[in-house]
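Here's the structure, in structure tokens; my notes come after.
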Amino acid sequence: VEGFIDLLYEEGKHLVVVDYKTDNVNGAEMDARMENYRIQGQVYADLLQTVTGRRVERCEFAFPSARQVRNVPIA
């Protein structure tokens, strides 16, 4: 697995991952891509929780071109 977390911030006692996407999509196309991004978000969370010992609350995927942020809750 290879990837880069664009932004990591604290929200109370938990962590939140933000990943910026350059995809120029919206609507149903974005929903379809989110299926793959959910897996990416869970992998980021699992690795961070292992390394830091802190809970990752969610992963936010920001789509600037569509002016949308989609949240993926972490299991």
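Do you know which residues across the stretch 47-65 are without any contact (Cβ under 8 Å) to a residue 40 or more places away in the chain and within 20 Å of GLY12 (Cβ to Cβ)? Within the stretch 47-65, GLN49, VAL51, THR52, GLY53 qualify. Exactly one residue out of GLY41, GLY12, GLY27 is under 16 Å from ILE74 (Cβ atoms) and either free of Cβ contacts under 8 Å to residues at least 12 places away in the same chain or among the β-branched types (Val, Ile, Thr) (or both), and it is GLY12. Total residues in the stretch 1-59 satisfying the condition of being open to solvent by less than 30 Å² (accessible area, probe 1.4 Å), part of a loop (DSSP other than H, G, I, E, B) and touching a Leu at 6+ places or on another chain (Cβ under 8 Å): the figure is 0.
The values are calculated or read from the model by the stated rules, or taken from the named source; none is laboratory data. Fair warning: this is a prediction, and the values are worked out from it, not measured in the lab. Please note: Cβ atoms are built from the backbone with ideal geometry, for glycine as well, and neighbour counts cover all protein chains shown. Just so you know, the surface numbers come from the protein's heavy atoms only, side chains and all, with ligands and any DNA or RNA stripped out. Shrake-Rupley method; radii C 1.70, N 1.55, O 1.52, S 1.80 Å.
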